[in-house]
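Report on one structure; see the data block that follows.
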Protein chains: 2
Amino acid sequence: VRDVWSIDPRSGQRVRLVCESTSTAEVGEAARAAGRAAGELGRRGRPARALVLRRAAGALEERADRLIGAADRETALGKSRLTAELARTSSQLRLLADVAEDGAYQEAIVTPAQADVDPPVPELRRILIPVGPVLVFAAGNFPFAFSVLGGDTASALAAGCPVVVKCHPGHPETSLLAMEAWRQAAADAGFPGDAVQLVFGDSAGRQLVQDPGIRAVSFTGSLAVGRELHDLAAARPDPVPFYGELSGVNPFVVTAGAARERAEEIGRGVAASFMLNGGQFCTKPGLLFVPAGPDGDRLLGAAATAVAASAQFVMLSAKTRRDYLAGQQMLLSHPGVTTVAQTAGPEEADSYQGGFLAGAALLEIAIGELNGQVVRECFGPLAVAIRYSDIADVISQLSGLQGALAAAVHGTEPEAGIVAAVTEAVTPKVGRIVYDGYPTGVAVTSAMTHGGPWPATTNALHSSVGSTALRRFLRPVTYQNAPQAILPADLRDTAGVLQAC
Amino acid sequence: VRDVWSIDPRSGQRVRLVCESTSTAEVGEAARAAGRAAGELGRRGRPARALVLRRAAGALEERADRLIGAADRETALGKSRLTAELARTSSQLRLLADVAEDGAYQEAIVTPAQADVDPPVPELRRILIPVGPVLVFAAGNFPFAFSVLGGDTASALAAGCPVVVKCHPGHPETSLLAMEAWRQAAADAGFPGDAVQLVFGDSAGRQLVQDPGIRAVSFTGSLAVGRELHDLAAARPDPVPFYGELSGVNPFVVTAGAARERAEEIGRGVAASFMLNGGQFCTKPGLLFVPAGPDGDRLLGAAATAVAASAQFVMLSAKTRRDYLAGQQMLLSHPGVTTVAQTAGPEEADSYQGGFLAGAALLEIAIGELNGQVVRECFGPLAVAIRYSDIADVISQLSGLQGALAAAVHGTEPEAGIVAAVTEAVTPKVGRIVYDGYPTGVAVTSAMTHGGPWPATTNALHSSVGSTALRRFLRPVTYQNAPQAILPADLRDTAGVLQAC
């Protein structure tokens, strides 16, 4: 089926035929066009890239009403969330523009010649340069921030790499509108519009992962698809970096003291966090380590009240809903799992009259009964509370956990030793540790890490959010005893960004 | 066959049974021991790591005579080269000790909380932490600098990662001696000796690439073996980074002006470079783009004189010799290839009375006749001169080249435009560009890049030499709103290395 439909998750119905999947020939041409744009981007230099990124931010804002309207219709995430996401996306483009303009990200350094040592040391100048065309897989749950002009595209363009975006089938109309914003930004800035290309269809994505012109891939999505694409990238005749952000259980630990002092506050807070936008966040807290006994009961009581009061959520797609309900079923089939609160039980997984609806759920299990059936991501508005009596059991479970994007710890001052022990146990497992807070909500700053060990990502050395995200698309080159005139401008003696080491 | 023999390349004979290949059970225990050492390394902190690296440098120097004697007997690289290599290895350990002590490599940054924005931005502190145990495959052609206490081990330890070294079969005795140096250094510094483990045997290496405790792999060796190990690392249930440094043709371009002005100097220089230590360098200049006509003839004449005057070389191993002679044969079977000079023709590939001897060769082909049979690495004392009349043909060939570690350009001042065009063509292909010099000889400084696009390496984002080499073994972690006491020392307000962004 080559038709690309825009679907309304609130009705479950196809609304409009947007376009056709990109043909094999067109996909090849997109990669070649990106390749041709690569040289042009290098020649334009950092100020031109900063300018077009800022213009793109403005072009998104100019189209805010249409973009938010289309995205809300295609994802049902709601206008308030989408307004915030669009603002984040624009500010992300501007942050990366600042990074490009500043130039320090290039790590331009010179080490002087030393003639008086044996063997003599030549003059060396090192700089990070763009890797070449980047393939970006857009995500379903962030129609702006991880899509056509999202963080991956912004960081690739800031680094000087053209981008081919494999659009997400959940929001094709929104994608085309964002592309319109890009084209206007490029035209206004006198920048090659071909630096961003769009393709549609899973086979287009698979083809591009293997296209010789593609030099790096970024992906945000499911473990299964991410694994498949990672393996394709690794099996190429010339393997290329594959940056996949895949999944995570995101452990959330509440100490005995925190439960005693702040049971209701934490219960409400964590329920809001795991139900936010139908729990369709890769940073959703999935495993809640909560003390057994009355304080933990109060905490779960507050969370249960919030769950029971929640309306059914409209999930992003039929598949997201089906996978969520299947995951919920699997959890409930564990004999040790009980239901603390539930908006609506799992329905017929394949019917969606009235849209891709699903209810929230808070489940519970004793820590001694945990197994691999429970310790796995269930994408959607659900969390499993793991009741413990001894924090040592929590530490032991955390130490055996698979990788995740984020962990959270709620403690009290007198429990500094416990908080430190939890920190030590989760540090090897995650990319971010949140104290007395909630992991959903990923601030876009220089100090953010959105990453973590497998299966959080396929490459824990990087962050896909923040001003370090462009490091994924850069590689070092060293010029040895080069004439000044031959050097890239940022490596010349006159360059402001050059550091002597 | 589990026996590990020390072989003398000068006689081709086994000299001593050194040990047995490491058994499956012992290999598993080595990985576990490294895993246990990981926590300990973290607790010891940077100054302790710097201390043990410096002690290791000293312990190598104390054993210089024995180490150089053993390595010369096992590799036939010669005492003068091995003396220089040992000095480089010690200075590399000290450089990485300085990097560890300095702490800036951790990129410790803080971005402040912003309460007045919507949504509020939390305080974020980011730092690079060790990835965990690293598997290092030692190289055959650098018994010190890319072996037990070589650059990969030094950078992993500096980063805080324990190391399991898969010893190279070419120098087992040298490896055990280096391990003795490590044990003494660790004892002297009160450092856990288990932070470095040795294993022997190809199956041990393959087993460890797949061991769940190994978190990253570095490898220096052939394309075939590197590809196999890369694929194993990528196919793990939890893929880990594989940093392979594999091969390269290392193009060497001489402009018309440079040939006219400096034919003899460049001819002698490049011959010395491609024959250095039997051409057994991954940075050996393999493809020499030399002008057609009398200036180029003079250049090749000077190189031919050097080749003809060279004695046969003792190759590192029977396999290195066999592969070299087979590569030479394949080149000579190309109808366009002619021999400019040769020390000795290819002999019976499987006989080596008197050691693993092989002669140097300088071959020649017209640029119009180049094909994939010629444009491939031939590891050993051989180069192919590619004669050109139009520099545009050189640019075109360079643009189609596969990745390499280094390129070199010899030009003159009035040819700045040509040198710039060559630079532009090779930049996407290599990790280092050398001007008016020779690519063999890799200085160990902050600005060095020893890396490059496939098949130079499996991951072009990094350098395996210099003070940035430890970046391969580090990943970022962010602490969000963390209490000061919980933070790693280098992220606290009082830390000298913390930068506000």
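In a shell of Cβ-Cβ distance under 13 Å around A:Glu369, excluding A:Glu369 itself, what net charge do Lys and Arg (+1) and Asp and Glu (-1) give? Display every interim value, and only then the final one.
Details: positive: A:Arg387; negative: A:Glu364, A:Asp393.
Cβ neighbours under 13 Å give a net charge of -1.
Measuring from each Cβ of chain A to the axis that turns chain A onto chain B, the shortest distance belongs to A:Ala234, 2 (residue, then whole Å).
Distant-in-sequence amide contacts of B:Ala408, defined by a placed amide H-H separation under 5 Å and a gap of 5 or more residues or a different chain, comprise B:Phe252, B:Val253, B:Val434. Taking θ as phi - 60° and the Karplus parameters 6.51, -1.76 and 1.60, the scalar couplings of the range B:416-421 work out to 3, x, 5, 4, 5, 5 Hz in sequence order, x denoting glycine and proline.
If you bin every alpha carbon distance in the range A:379-501 into 5 Å steps from zero, what whole percent lands in each bin? All Cα pairs, binned at 5 Å, distribute as 2, 9, 14, 17, 14, 11, 8, 7, 6, 5, 4, 3, 1, 0 percent. Converting phi to 3J(HN,Hα) with the Karplus coefficients 6.51, -1.76 and 1.60 and the offset θ = phi - 60°, the range A:449-465 yields 10, 10, x, x, x, 3, x, 4, 9, 8, 8, 7, 7, 9, 10, 8, 10 Hz in sequence order, with x at every glycine or proline. Summary for A:Ala84: label point 7 Å along Cα→Cβ; distances to the equivalent points in the other copies, ascending, 6.2 nm. Each peptide in B:318-326, B:373-381 was scored by the mean count of other Cβ atoms within 10 Å over its residues; highest first, the order is B:373-381, B:318-326. For the pair the range B:128-181 and the range B:395-460, the centres of their Cα atoms are 28 angstrom apart. Global dimensions of the range B:1-137 from alpha-carbon coordinates: Rg and Dmax equal 22.3, 77 Å. Here's how it looks for A:Trp5: its modeled amide H is under 5 Å from those of A:Val18, which are all 5 or more places away or on a different chain. Can you pull the percent of Cα pairs in chain A with separation above 38 Å? Percent of Cα pairs beyond 38 Å in chain A: 30. Label separation (A:Glu29 vs B:Ser91): 5.6 nm, computed from points 7 Å beyond Cα along the C-beta direction. For the range B:170-232, the direction-averaged projected area of the alpha-carbon convex hull comes to 5.1 nm². Computed on protein heavy atoms with a 1.4 Å probe, what is the summed buried accessible area for the chain pair A and B, in Å² to the nearest 100? So the buried area, both faces added, is about 4700 Å².
Rolling a 1.4 Å probe across the protein heavy atoms gives chain A an accessible surface of 34 Å² per residue. Counting every C-alpha pair in the range A:204-253, the share spaced more than 12 angstrom apart comes to 61%. Ignoring ligands, DNA and RNA, what percent of the accessible area of the range B:228-294 is carbon or sulfur (1.4 Å)? Summing carbon and sulfur atoms, their accessible area is 60 percent of the total for the range B:228-294. Sorted shortest first, the distances from the B:His334 label point to those of the same residue in the other copies are 6.1 nm; each point sits 7 Å from Cα along Cα-to-Cβ. Each label point was placed 7 Å from the Cα along the Cα-to-Cβ direction; for A:Val117 and A:Thr305 their separation is 6.8 nm.
Sequence gap at least 6, Cα distance under 8 Å: using those rules, report the relative contact order of the range B:312-468 to the nearest whole percent. This gives 17 percent for the range B:312-468. Spatially, the range A:219-250 and the range A:81-102 are offset by 25 Å when compared through their Cα centroids. When a 1.4 Å probe is rolled over the protein heavy atoms, the share of accessible surface on the range B:373-501 that falls to carbon and sulfur comes to 50 percent. If R0 is 51 Å, the Cβ-Cβ spacing of A:Asn481 and A:Ala416 corresponds to a FRET efficiency of close to 0.40.
Listed peptides A:290-300, B:141-151, A:455-465 appear in the order B:141-151, A:455-465, A:290-300 once ranked by packing, highest mean of other Cβ atoms within 10 Å at the front. For the range A:428-455, the residues whose amide N sits under 12 Å from a probe point set 7 Å from the Cα of B:Cys501 along the beta carbon direction are A:444-450.
Return one number: the angle in degrees, 0 to 90 and rounded to the nearest 10, between the long axis of the Cα atoms of helix B:172-189 and the longest principal axis of the Cα atoms of chain B. Computed tilt is about 30 degrees. Local charge for A:Pro112 was computed over the other residues whose Cβ lies under 15 Å away, with Lys and Arg +1 and Asp and Glu -1, and equals 0.
Take A:Ala366, project a point 7 Å from its Cα along the Cβ direction, then tell me which residues of the range A:302-342 have their backbone nitrogen under 17 Å from it. Only A:334-340 pass the distance filter.
The packing ranking, built from the mean of other Cβ atoms within 10 Å per residue, places the peptides A:183-192, A:165-174, B:477-486, A:330-339 in the order A:165-174, B:477-486, A:183-192, A:330-339, highest first. To the nearest ten degrees, helix B:24-62 and the longest principal axis of the Cα atoms of chain B are 80 degrees apart. Taking amide H atoms as placed 1.01 Å from N in the peptide plane, the amide H of A:Arg475 lies under 5 Å from those of A:Ile129, A:Val131, each 5 or more residues away in sequence or on another chain. For the range B:399-445, which residues drop by 30 square angstrom or more in accessible area between the chain on its own and all protein chains together (1.4 Å probe)? By number: B:Thr427, B:Arg432, B:Ile433, B:Tyr435, B:Ala443, B:Thr445. The tail of the calculated P(r) for the protein assembly as shown, taken as Cα-Cα distances beyond 49 Å, holds 26 percent of the pairs.
With label points set 7 Å from Cα along Cα→Cβ, the inter-copy distances at B:Ser399 are 5.9 nm, sorted shortest first. Between helix B:223-235 and chain B there is an angle of about 30 degrees, using the helix long axis and the longest principal axis of the Cα atoms.
If the only charges are +1 at each Lys and Arg Cβ and -1 at each Asp and Glu Cβ, what is the size of the charge dipole of the protein assembly as shown around the Cα centre, to the nearest 20 debye? Show your work: numbers first, answer last.
On the way: 86 positive and 100 negative charges, 26 e Å.
It comes to approximately 120 debye.
Once the convex hull of the C-alpha atoms of the range B:186-310 is built, how many Å³ does it hold per residue, rounded to a whole number? Could you put the intermediate results ahead of the total?
Numbers: hull volume 23.2 nm³, N = 125.
Output value, Cα hull per residue: 186 Å³.
The values are calculated or read from the model by the stated rules, or taken from the named source; none is laboratory data. Everything numeric here is computed off the predicted structure, so don't read it as measured data. Here the Cβ is made from the backbone with ideal geometry for all residues, glycine too, and neighbour counts use every protein chain on show. Ligands, DNA and RNA are excluded from the accessible area calculation, which covers all protein heavy atoms including side chains. Shrake-Rupley method; radii C 1.70, N 1.55, O 1.52, S 1.80 Å.
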